[in-house]
1. What are the residues in region B:32-63 that are surrounded by 17 or more Cβ atoms within 10 Å (Cβ to Cβ), out of contact with any Asp or Glu (no Cβ under 8 Å at 6 or more places or on another chain) and either assigned by TED's automatic domain parsing to the domain that holds residue B:125 or not in a loop (DSSP other than H, G, I, E, B) (or both), if any?
2. Does residue A:202 satisfy the criteria of being over 23 Å from residue A:162 (Cα atoms) and aliphatic (A, V, I, L, M)?
3. Which is closer than 22 Å to residue A:78 by Cα, at the interface with chain A (Cβ under 8 Å from one of its Cβ atoms) and either touching a helix residue (DSSP H, G or I) at 6+ places or on another chain (Cβ under 6 Å) or in contact (Cβ under 8 Å) with a residue 12 or more places away in the chain (or both), of B:333, B:341?
4. Which of the residues that make up region B:180-228 are farther than 17 Å from residue B:140 by Cβ and among the charged types (D, E, K, R)?
5. For residue A:83, only one of the following conditions fails: (1) surrounded by fewer than 23 Cβ atoms within 10 Å (Cβ to Cβ); (2) touching a residue at least 24 places away in the same chain (Cβ under 8 Å); (3) in a helix (DSSP H, G or I). What is its number?
6. Which condition from (1) within 30 Å of residue A:191 (Cα to Cα); (2) within 11 Å of another protein chain (Cβ to nearest Cβ) is the one that residue A:380 breaks?
7. Name the single residue that is nearest to residue B:356 (Cα to Cα) among those in region B:286-330 being small (Gly, Ala, Ser) and more than 13 Å from chain A (Cβ to nearest Cβ).
8. Yes or no: residue A:352 within 14 Å of chain B (Cβ to nearest Cβ), under 19 Å from the mean Cα position of the chain (by Cα) and within 24 Å of residue B:290 (Cα to Cα)?
There are 2 protein chains.
Amino acid sequence: MDATSFVLKGNVCYSVSPQEASCTAGGYLVCVEGKSAGVFAELPERFASLPVIDCGDQLIVPGMSDIHVHAPQYAFRGLGMDLELIDWLNTRTFPEEARYADLAYAERAYSIFADDLRRSATTRAVVFGTLHVPATELLMDKLEATGLITYVGKVNMDRNSPDSLVETSEQSAEATRTWIADVAGRYERTRPIITPRFTPSVTDDLMAELSRIRAEFDLPVQSHLSENLSEVEWVHELCPWSSCYGDAYDHFGMLGPATVMAHCVYSDNEETELLRRTGTYVAHCPQSNAQLASGIAPIRRYLDLGMNVGLGTDVAGGADLSMFRCMADAVAVSKLRWRLVDQELAPLTTQEALWLATVGGGSFFGKVGSFAEGYELDALVLDDSGIRTPRELSDWERVERYVYLAEEGGRIARKFVAGREVELGA
Amino acid sequence: MDATSFVLKGNVCYSVSPQEASCTAGGYLVCVEGKSAGVFAELPERFASLPVIDCGDQLIVPGMSDIHVHAPQYAFRGLGMDLELIDWLNTRTFPEEARYADLAYAERAYSIFADDLRRSATTRAVVFGTLHVPATELLMDKLEATGLITYVGKVNMDRNSPDSLVETSEQSAEATRTWIADVAGRYERTRPIITPRFTPSVTDDLMAELSRIRAEFDLPVQSHLSENLSEVEWVHELCPWSSCYGDAYDHFGMLGPATVMAHCVYSDNEETELLRRTGTYVAHCPQSNAQLASGIAPIRRYLDLGMNVGLGTDVAGGADLSMFRCMADAVAVSKLRWRLVDQELAPLTTQEALWLATVGGGSFFGKVGSFAEGYELDALVLDDSGIRTPRELSDWERVERYVYLAEEGGRIARKFVAGREVELGA
C-alpha cells in the first residue's frame with residue numbers, strides 16, 4: 001500500500017445518476033492506489049489496515065472538472081464585460097493575450113492562476129493558453145506543480161487576429177509540433193491538447209494540418225462552437241462549404257469523444273445531432289454566456305439526448321474559478337431559459353448540476369467524478385460550519401446549499417486528486 | 001465635534017450619476033457629525049483638526065441599501081429553489097415562517113441573520129419579518145444592535161395562507177397597532193414599515209385598514225408586485241375591480257415615494273406609469289427572479305423613465321446577502337433580457353449597478369448612498385488585496401472587479417453607517 005491508499009470518513013455524497021445523489025452519513029470512502037474501492041456505512045474488514053482520515057462532520061464530495069477555462073484571461077477577470085463576444089475578443093482579450101509573449105509577465109500571471117486553481121474546487125481542468133509556446137510550457141510547468149490533472153493547449157490562430165497575436169499557418173503548425181515534442185514525457189499530470197481557437201481564427205489549411213497533428217500524436221482537441229449569433233453567421237461566411245458551424249470542425253475530423261467544444265448555445269438540430277453522434281463534449285459556461293450576452297444553451301436537450309456535457313467557468317467570460325458558482329449559474333440560467341425561451345425544456349436541478357460538474361465533465365478524463373468502485377479518487381472535503389442556520393439539515397441539503405453559498409461561508413478543508421492530497425496552504 | 005466627525009483617507013469612489021462614478025485616488029472623505037462634507041484631493045484646512053483614518057491603498061465606497069430581504073427566510077437560504085413562486089411559498093416558505101411563533105427558534109435564527117447582515121456590505125435594509133409580533137420585535141432589537149439602519153415589517157396575511165400562518169383581518173390589524181405602539185420610540189436606527197405580504201394574502205378589508213394605520217402613524221409600506229405570471233393572474237381574479245395589479249395597492253393609497261414594491265417583473269404600461277407617477281420604489285431582485293423562474297424585470301425602462309429603483313437580495317428567493325453579488329446579477333440578467341427578450345432595452349452597466357445599490361436604494365432612506373456634501377455618511381472600506389492580478393488597475397477597475405469578485409477574495413475592512421463605525425468582528 002502506498003500514500004494513495006487510505007480511508008476518508010465523513011458525510012459522503014456523490015452523483016449516482018444525473019437525477020440522484022447518494023449520501024452516506026458518517027461513511028467510509030475507501031481509496032486504494034488512487035482509485036475508489038467504494039463507499040461503505042461500516043468499514044469492511046479487508047480495508048481495516050488502511051489509515052483513516054477522520055473528517056468529522058464535514059462533507060466529502062467528488063472533485064470538480066472545469067472543462068473550459070482560459071488561463072491568460074484570469075488577469076482581467078471581472079473587468080470590461082460590457083461587450084459581445086467578437087468586440088470583447090478584439091478589445092479586451094487579444095491585447096491581454098498578446099502580453100504573454102513576455103515570459104516575465106506570463107510568470108507573474110500564471111503563478112496567480114495556478115495558485116488560485118489549486119485552492120479551488122477544481123481537480124481537473126481543460127485549459128486554453130495563448131499561441132506562445134514558451135508561455136504555454138511555463139503554464140504547464142505551473143499546473144503540474146499544483147497536483148491537479150489538466151489538459152493545456154497552445155492556441156492556434158492564423159487569421160482575423162491582430163498583428164500582435166497571430167501566426168502564419170506554417171508558423172502555427174511548426175510551433176505546435178515543437179511544443180508537443182518539448183512536453184512529451186515531461187509531466188505526470190499535464191497533457192497537451194490541440195487548440196484551434198475557433199473557426200474564425202483558423203484557416204482551413206491550418207485546421208487540416210492540426211487534424212493531422214492530433215491524429216499523429218493521438219491528442220485530444222478543444223475549441224469553441226456556436227457561442228454567439230454573430231460568430232455563427234461569420235463562420236457561415238468563412239466556410240460557405242460547411243452545412244453548419246459544427247461541420248466546419250467535423251469536416252476536418254476534429255469532433256469526437258476526445259474533443260471539448262465550449263458553449264453550443266446556438267447549435268441547431270443538425271449540429272446537435274453531429275455532436276451527439278460523435279460523442280463530442282459540450283462545455284456549458286453559463287456565467288460567460290450571460291456576461292457576454294451570448295444567450296443560454298439548451299443543456300436539458302443535450303442531457304435528454306444522452307450527450308456528453310460538462311461545465312466550464314470560461315474565465316474571463318466568467319469572472320471566477322468557482323465550480324460551485326458555475327453549478328448555481330447553470331441552474332439559474334436554465335430557469336430563465338425555461339421562462340423566457342422554451343417551456344419544453346425543464347430547468348436543471350441542483351442534482352443535475354452536481355452531476356455535470358463531477359461525472360459529466362470528469363468523464364472526459366476517464367473514470368472520474370464518481371466515488372463508485374474503480375473511479376479515480378478526486379475528492380473535496382467541505383467545511384460548511386461557516387454557513388450558519390438554526391435548521392437541522394440532511395447531508396444532501398448541506399451539499400445543495402453549499403452549491404449556492406460556497407462563497408459565503410464555505411471552505412475547502414482538503415482536496416485529493418487521483419488519491420493524492422493537494423496542499424491547499426494559506 | 002463628536003465621534004461621528006472624522007476623515008477617511010483612501011481611494012474614494014462613488015456614483016455621481018447612474019452612468020458615472022467619481023474616483024479620487026488617495027482622497028479625503030470628510031465626515032462631520034455623521035454627514036459627508038465632501039471628497040477632496042487635498043484635505044482642506046478647515047478640517048485639519050479632525051482625526052484621520054488612513055485606509056492606505058484600500059477602496060472607500062458608499063454603503064449599500066438592500067431594499068428587499070426576508071429575515072425569516074435566511075434559515076433556508078440556498079435550499080429548495082426548485083419551484084415557482086406560489087408553490088415555493090406554500091411548500092418551502094410558509095412552513096418555515098410558521099416556526100417564528102416559537103420565540104426560541106426566532107432567537108437562534110435572527111441572531112444569525114442580524115450577525116451576517118452586520119458583516120455584509122449592507123448599511124441599510126428594508127426587511128420583512130413574519131406575522132408574529134414578538135418575533136418581529138426580537139428581530140428589531142437585534143437589528144438595532146448591529147448599528148445598521150433598517151425598516152422592519154410585521155407581515156400581514158389574512159387569506160390564502162396555511163392555518164399555521166394566518167390571521168383574521170381583525171387580529172392582523174390589532175396586532176399591527178400593538179406592534180407599532182410597542183416599538184414607538186424604542187429604537188434609534190430601526191423603524192416599523194407596514195407590510196401587507198402581497199395582494200393574494202391580504203383581503204381588501206385588511207388592506208383598507210392597513211392604509212388607515214399607515215396614514216395615522218405616517219409609516220412607509222413594503223410589499224410585492226408583479227413578480228410571477230401566475231401571481232398576476234391570481235390578483236386579477238382576486239380583485240376583479242382593479243385595472244392592474246398595481247391598482248390593487250394604489251386603490252388603497254398604498255403607493256408613493258415611501259413605498260417599496262419588490263420585483264415588478266411583469267408591470268405593464270399602465271402599472272409602470274402608476275409606479276412612476278406615484279414615485280414608488282421598485283426593488284429589483286435579479287437572483288431571486290432567476291431562481292424562482294420568475295423572469296427578468298425591465299430595469300432599463302424604469303431608469304429611462306426616471307423612476308425610483310434600488311436592489312434587493314430577496315433572501316431566500318436569492319441565496320445570500322451579498323449586495324455585490326446582487327449588482328453582478330443585475331448586470332448579468334439585463335444582458336440575458338437584452339439577448340432573449342427585448343433588444344430595445346440596453347443591458348445595465350456596472351456603473352449603473354453601483355448607482356442602484358447605493359443612491360438608487362439609499363434614497364429611500366433620505367440623502368443616502370453618495371459621498372456628495374450633505375449625504376449621511378455610509379461607507380465601506382474594501383480590502384481587495386486578496387484578488388490578485390499582474391495588471392495595473394485604475395481605482396474604478398478595482399471597484400468594478402470587486403463587484404464580480406467580492407466573494408472570491410474581497411474583504412470589508414471597515415464599515416460606517418451615518419458616520420458611526422460598525423464593529424465587524426471575526
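1. B:32, B:39, B:47, B:53, B:55, B:60, B:61
2. Judged against the criteria, residue A:202 is not a match.
3. Exactly one of B:333, B:341 is closer than 22 Å to residue A:78 by Cα, at the interface with chain A (Cβ under 8 Å from one of its Cβ atoms) and either touching a helix residue (DSSP H, G or I) at 6+ places or on another chain (Cβ under 6 Å) or in contact (Cβ under 8 Å) with a residue 12 or more places away in the chain (or both), namely B:333.
4. Selection gives B:197, B:204, B:205, B:209, B:212, B:214, B:216, B:218, B:227.
5. Only one criterion in (1) surrounded by fewer than 23 Cβ atoms within 10 Å (Cβ to Cβ); (2) touching a residue at least 24 places away in the same chain (Cβ under 8 Å); (3) in a helix (DSSP H, G or I) is unmet by residue A:83, namely (3).
6. Only one criterion in (1) within 30 Å of residue A:191 (Cα to Cα); (2) within 11 Å of another protein chain (Cβ to nearest Cβ) is unmet by residue A:380, namely (2).
7. Out of the qualifying residues, it is B:310.
8. Yes: the conditions hold for residue A:352.
The values are calculated or read from the model by the stated rules, or taken from the named source; none is laboratory data. Remember, predicted model here, so these are calculated numbers, not experimental data. Using ideal geometry, Cβ is built from the backbone for each residue, glycine included, and neighbour counts are taken over all protein chains shown. The area values use the complete protein model at the heavy-atom level, side chains included, leaving out ligands, DNA and RNA. Shrake-Rupley method; radii C 1.70, N 1.55, O 1.52, S 1.80 Å.
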